[in-house]
Amino acid sequence: MTNYNSIQTYSIAILLLFLIIFFYKIMQFFKHFYPRSLLSRNRTIKKLKRLSWDDFERLSMELFAKAGWTVSGNEKKGADGGVDIWMHKKSFGYKNLSAIVQCKRYENAPVTIKVVREMYGLMHEYKVDEVYIVTTSRFTKECYTFIEGKKIKLIDGKILVSLIDKYS
């Protein structure tokens, strides 16, 4: 067994400290090269409105996945028949839930009743339990009147930002 004097012990401690700091700095450096989640990078309405339509759909998928849904995007690109995201959630004691999502990344135009009615029709066509419509903008008053008593959830820009804060 080797006995170290105090100078050697301090030297080893300082060397270990420098190695720990060095590896920490290296990890911080490489962290910038790995993409962060869309949720953590886009926490304001302004940033959300700058996303491309497909990034907005991916952000919505990430959000619903963090909320406990099993999500899958629509395989078709372009005209998707109104459904951007398919979702399922296992529920204990209840039947499993299914839902569809339509994503509308608008600058300022509100989502109209036409979109909500279309999604309500698709809800029955695909026999899903719930519908979510997500937008960076807002919904017209008619949309809120129409969804009363229906399993349709409207997520406007303000609600979306609060959900991103909650789940990111």
On Cα atoms only, tilt of 157-167 relative to the major axis of the chain in degrees: 40
With labels modelled as points extended 7 Å from the Cα through the Cβ direction, what inter-label distance (nm, one decimal) is found for residue 144 paired with residue 126? 2.7
Taking the highest mean first, how do the peptides 54-61, 132-139, 41-48 order by number of other beta carbon atoms within 10 angstrom per residue? 132-139, 54-61, 41-48
What distance in nm separates the simple spin-label points at residue 159 and residue 108, each placed 7 Å from Cα in the Cβ direction? 2.4
Gaussian network model of the chain, springs between alpha carbon atoms under 10 Å - residue of 16, 154, 97 with greatest fluctuation: 16
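From the cross-link list 104/141; 25/47; 95/166; 49/150, which pairs have alpha carbons spaced over 21 Å apart? Please list the in-between numbers first.
Details: 104/141 17 Å; 25/47 29 Å; 95/166 26 Å; 49/150 28 Å.
The pairs that break the limit, which is 21 Å between Cα atoms, are 25/47; 95/166; 49/150.
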Just tell me which aspartates and glutamates come within less than 20 Å, Cα to Cα, of residue 66; anything on the same chain fewer than 8 places away is out. 54, 55, 57, 84, 129, 130, 156, 165
Rg/Rg_ref, the chain, where Rg_ref = 2.2 N^0.38 Å and atoms are Cα: 1.55
Any chance you could give the angle, 0 to 90 degrees and rounded to 10, that helix 53-66 forms with the longest Cα principal axis of the chain? 70
Compute a Gaussian network model of the chain, connecting alpha carbons closer than 10 Å, and tell me which residue from 155, 100, 20 fluctuates the most. 20
Highest-MSF residue in the chain out of 98, 11, 52 [GNM, Cα springs under 10 Å]: 11
Charge context of residue 90, other residues only, Cβ under 15 angstrom, K/R +1, D/E -1: 0
Over the stretch 115-168, what is the relative contact order in percent, taking alpha-carbon pairs closer than 8 angstrom and at least six residues apart? 36
Using r as the Cβ-Cβ distance of residue 14 and residue 166, and R0 as 45 Å, what FRET efficiency do you calculate, to the nearest 0.05? 0.55
Non-local residues with an amide H under 5 Å from the amide H of residue 139, with H modelled 1.01 Å from N and Pro and chain starts lacking one, are 111
For the stretch 81-86, what does the Karplus curve 6.51 cos²θ - 1.76 cosθ + 1.60, with θ = phi - 60°, yield as ³J(HN,Hα) per residue in whole Hz, taken in order and with x for Gly and Pro? x, x, 9, 9, 9, 9
Given the rule -39500 (n - 2.57) for each run of at least 4 DSSP H residues, summed and divided by the residues of the chain, what is its mean residue ellipticity at 222 nm, to the nearest 500 deg cm²/dmol? -14500 deg cm²/dmol
Determine the percent antiparallel among the DSSP beta bridges restricted to the stretch 38-167, to the nearest 5. 45
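Every number here is computed from the coordinates shown, using simple stated rules; none is lab data. Being a predicted model, the structure only gives us computed values, none of them experimental. In this analysis, Cβ positions are derived from the backbone assuming ideal geometry, glycine residues included, and neighbour counts consider all displayed protein chains.
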